[in-house]
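Read through the structure below, which is laid out as structure tokens, and then see the notes.
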Amino acid sequence: DYLPALVAGYELAREGGLPVQAIRKNKYQVLIKTLGNIELDTQYANTVINMLLMNAKQKIVQQDTLSLYAMNTCIHEVMENYPFESMEADLVHLDIAYDFEFQGESLLVKHVLLNLLRNALYFIQAEGKGSIQITTSAHGTFHMLSFKDTARGIDPRAMHKIFDRFYTTTTYGTGLGLAFCKMVMKNLGGDINCSSKLGEFTQFDLEFPKINPLKLDACRRTKSGD
């Protein structure tokens with residue numbers, strides 16, 4: 001509650017030439033971002049807890065509570081809320097001119113995207129190279145969201161394990177992230193698949209089922225209250 005006011009007071013005192021203690025620029029930037037980082041870390045901790053519970057329950061989407069959401073809106077909200085470090089945001093390139101609506105829980109889909117983004121940035125930092133490309137398209141009976149990074153790639157010997165629970169190759173991971181992603185997409189009537197070439201790229205393709213036009217109109221009328 002008080003930190004924003006303290007930061008604002010410090011700025012005013014410094015601008016007014018008052019004898020305030022100097023704070024190193026990098027430390028000051030950390031201080032300014034502290035509240036946002038705490039909030040995001042708390043959300044991530046809650047997500048891990050929810051993933052544990054959802055993995056135990058096996059059922060994570062209640063079909064009678066599904067609503068319509070625009071994919072591009074979800075993507076932009078994830079990009080706006082992610083705690084990028086330094087120039088990390090410049091590594092993410094969006095090719096999302098094709099927008100589509102999906103029926104589901106937007107919070108769960110956002111957590112899927114956050115998990116993929118977090119993993120990709122981890123490996124880009126570890127490798128010291130790479131970028132991320134997020135693309136939307138239509139593919140047969142599905143809308144497609146492709147998430148590709150050009151960092152480390154995945155060892156072919158590990159490919160069959162990546163969606164298994166408790167399997168992880170990161171230092172921060174729980175081994176539940178990709179298993180959670182798989183469960184979300186399956187429960188939405190879609191799927192998530194991975195292709196990779198070691199040393200070159202990793203790509204996740206998320207399939208969202210196209211909604212019958214009549215059902216889509218009915219959902220829109222319900223959403224608008226008509």
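FYI, it's all coordinate maths here, none of it is from the lab. Remember, it's a predicted structure, so these values are computed and weren't measured experimentally.
Relative contact order, whole percent, for the stretch 93-152 stands at 40, derived from Cα pairs under 8 Å and 6 or more residues apart. Identify all aspartates and glutamates with a Cα-Cα distance to K182 below 16 Å; exclude those on the same chain that are fewer than 8 residues away in sequence. Within the straight-line limit of under 16 Å, K182 reaches these aspartates and glutamates: E105, D164, D191, D205, E207.
Which of the residue pairs K161/K210; K110/K186; K161/K186; K110/K161; K33/K110 have a Cα-Cα distance greater than 27 Å in the structure shown? Could you put the intermediate results ahead of the total?
Details: K161/K210 29 Å; K110/K186 15 Å; K161/K186 17 Å; K110/K161 23 Å; K33/K110 22 Å.
Exceeds cut-off: K161/K210.
Across the stretch 81-202, the relative contact order, built from alpha-carbon pairs under 8 Å that are at least six residues apart, equals 25 percent.
Note on K197: aspartates and glutamates with a C-alpha under 12 Å away, same-chain residues under 8 apart excluded, are D149, D155. Shape of the stretch 81-159 from the C-alpha gyration tensor: prolate (a/c of 1.5 or more and a/b above b/c, with a ≥ b ≥ c the square roots of its eigenvalues).
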